[in-house]
């Protein structure tokens, strides 16, 4: 349990190309949305975190280019600090700044327009320039190496992964923000265009534009605000080695560690029994079962069975990605904070058509950054 | 005030940013040995005995710096692979379909990500033995691509 609550949130709809708005205009959209959701004015915010990536924005110090839009640049220069990485890392940093004692409220904003750069060149740029980048490998090729390693280690099949795409794209039909929503069959996923074996087109998340914002408040003020607070019950962030070959890609020890730390803070002992809904970062279909194994929802190597047997279905015992997940909308960096927002809506009981059945005592949100999930942030939310 | 029809202007730009990256002492030794002799060197940690490929100045686990050089044979095991089908000519070293793999050289504890060739994609299996193919001496430039690719041990086929 922490002393920090989410008291406001907003996200844009996700689209392949938002040519009607620039980065700052998207940030303004979610800033206004989050303030309205919280019932607060801009002068109620005393700390700002902007999350962005210079390569995607095509400029240096991209994080400082959205200050006007999020309201941090006037009133004598309100405090602003920045993060490059997933939106969940911005959430954690925002919490830490409140817990320093210096601030009461924090607005965390994140944006990305995948449509405006070259996704493959940009993600090639995350690798080291001597040994890996000259090979031309990028996010999809690296993920394919991980998917193959995971399959071969535990006899998991491409069909197991296809069930995840079918589930999540189907769930997206209930989410007005989703970009890709469809009733699909496992056969359609299996027959989709080969991209990088074993991954096919429908195993991949789309390229998206979007933005999201969350307002955090300290316990001292959270209870006095109009909006019912959603408490951060546990949170942890861990990362692993830089070189792909240093890791056993069939495992994600950083996620294992982050989840155990977050569970301990929240007092969770049996995640499958105690967590009511999960929103995780499924940039590729194979990631959902792999991440669920490391989150302790099933034994190692059994992740492939979860979607196939319906355990993670919208009406199953632990709904996973009832929003449609990242497979249905993938504004990079934004997608982790979107998972937090979706989890918060589930705790509030305000997820609309995608609200899962029954009370939500604990909701888990998860963000990643780096190739093959190099770093992970796990967030446990509750009432 | 005059009016204009609504239009979304898209501004075309390009950033071209040259860099000269220092490889550092450890990688410089690795790259010159690769260029001049076609040899592959890893580093061994004096504390945990882990052998790293690519080599590191310090052991990332123990964070000690007195690592020692270990020559590794140009052979090892394919840990995972992918056949790339999509096309990105600005980036890719050859026309797709082509193959990436992670090969753990004999005696190393970590794998090297690289290209795989001289094999039909449907014959690829994790765990198969691979050997390194190098560029000819006069074509080597002190780059990781002086190691051309890995192929099945004992010679592959085109």
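Looking at A:94, A:141 in this structure, which one is within 17 Å of the chain's Cα centre (by Cα), assigned to a helix (DSSP H, G or I) and surrounded by 24 or more Cβ atoms within 10 Å (Cβ to Cβ)?
None of the other options fit; the residue is A:94.
What do you reckon, is residue A:258 in a helix (DSSP H, G or I) and in contact with a helix residue (DSSP H, G or I) (Cβ under 7 Å, 6 or more places away or on another chain)?
Here the answer is no, as residue A:258 does not meet what is asked.
Surrounded by 15 or more Cβ atoms within 10 Å (Cβ to Cβ), within 23 Å of the chain's Cα centre (by Cα) and in contact (Cβ under 8 Å) with a residue 60 or more places away in the chain: which single residue out of A:7, A:66, A:83 fits that description?
That would be A:7, the only listed residue that is surrounded by 15 or more Cβ atoms within 10 Å (Cβ to Cβ), within 23 Å of the chain's Cα centre (by Cα) and in contact (Cβ under 8 Å) with a residue 60 or more places away in the chain.
With A:347, A:340 as the choices, which residue is closer than 18 Å to residue A:268 by Cβ and out of contact with any helix residue (DSSP H, G or I) (no Cβ under 9 Å at 6 or more places or on another chain)?
A:347
Please specify each residue of the range A:76-123 satisfying the condition of being within 14 Å of another protein chain (Cβ to nearest Cβ) and touching a helix residue (DSSP H, G or I) at 6+ places or on another chain (Cβ under 6 Å).
A:117, A:122, A:123, listed by residue number.
Say we look at the range B:61-81 and pick out the residues that are under 19 Å from the mean Cα position of the chain (by Cα) and within 14 Å of chain A (Cβ to nearest Cβ); which of these is surrounded by the fewest Cβ atoms within 10 Å (Cβ to Cβ)?
Looking at residues that are under 19 Å from the mean Cα position of the chain (by Cα) and within 14 Å of chain A (Cβ to nearest Cβ), I get B:77.
Only one of (1) more than 14 Å from chain B (Cβ to nearest Cβ); (2) at pLDDT 95 or above; (3) touching a strand residue (DSSP E or B) at 6+ places or on another chain (Cβ under 7 Å) fails for residue A:249. Which number is that?
Going through (1) more than 14 Å from chain B (Cβ to nearest Cβ); (2) at pLDDT 95 or above; (3) touching a strand residue (DSSP E or B) at 6+ places or on another chain (Cβ under 7 Å) one by one, residue A:249 breaks only (1).
Between a first residue in the range A:213-240 that is assigned to a loop (DSSP other than H, G, I, E, B) and a second residue that is surrounded by fewer than 18 Cβ atoms within 10 Å (Cβ to Cβ), which pairs have beta carbons less than 7 Å apart while being 6 or more apart in sequence or on different chains?
Between residues of the range A:213-240 that are assigned to a loop (DSSP other than H, G, I, E, B) and residues that are surrounded by fewer than 18 Cβ atoms within 10 Å (Cβ to Cβ), the close pairs are A:225/A:39; A:226/A:39; A:227/A:39; A:229/A:223; A:240/A:253.
Residues in the range B:112-140 that are assigned to a loop (DSSP other than H, G, I, E, B) and within 11 Å of chain A (Cβ to nearest Cβ): how many?
Going through the range B:112-140 one residue at a time, the tally reaches 4.
Tell me the residue from B:55, B:60, B:5 that is farther than 26 Å from residue A:244 by Cα and either part of a loop (DSSP other than H, G, I, E, B) or at pLDDT 95 or above (or both), please.
So the residue among B:55, B:60, B:5 that is farther than 26 Å from residue A:244 by Cα and either part of a loop (DSSP other than H, G, I, E, B) or at pLDDT 95 or above (or both) is B:5.
Is there any pair linking a residue in the range B:14-29 that is within 11 Å of chain A (Cβ to nearest Cβ) and free of Cβ contacts under 8 Å to residues at least 24 places away in the same chain to one that is assigned to a helix (DSSP H, G or I) and surrounded by 10 or more Cβ atoms within 10 Å (Cβ to Cβ), with Cβ under 7 Å and at least six apart or on different chains, and which?
Note: pairs meeting the criteria are B:23/B:31.
Filter the range A:97-122 for residues that are buried (at least 22 other Cβ atoms within 10 Å of the Cβ) and outside any strand (DSSP E or B) and give the result.
Once the filter is applied, which keeps residues that are buried (at least 22 other Cβ atoms within 10 Å of the Cβ) and outside any strand (DSSP E or B), the range A:97-122 yields A:98, A:114.
Testing residue B:84 on (1) over 15 Å from the mean Cα position of the chain (by Cα); (2) surrounded by 17 or more Cβ atoms within 10 Å (Cβ to Cβ); (3) facing another protein chain (nearest Cβ under 10 Å); (4) farther than 16 Å from residue A:138 by Cα, one condition comes back false. Which one is that?
(4)
Give the residue that is farthest from the other protein chains (Cβ to nearest Cβ), with candidates limited to residues of the range A:124-134 that are surrounded by fewer than 21 Cβ atoms within 10 Å (Cβ to Cβ) and either assigned to a loop (DSSP other than H, G, I, E, B) or in contact with a strand residue (DSSP E or B) (Cβ under 6 Å, 6 or more places away or on another chain) (or both).
The residue in question is A:126.
The values are calculated or read from the model by the stated rules, or taken from the named source; none is laboratory data. Computed from a predicted model, the values in this text were never measured in an experiment. Glycine also receives a Cβ, built like all others from the backbone with ideal geometry; neighbour counts cover every protein chain displayed.
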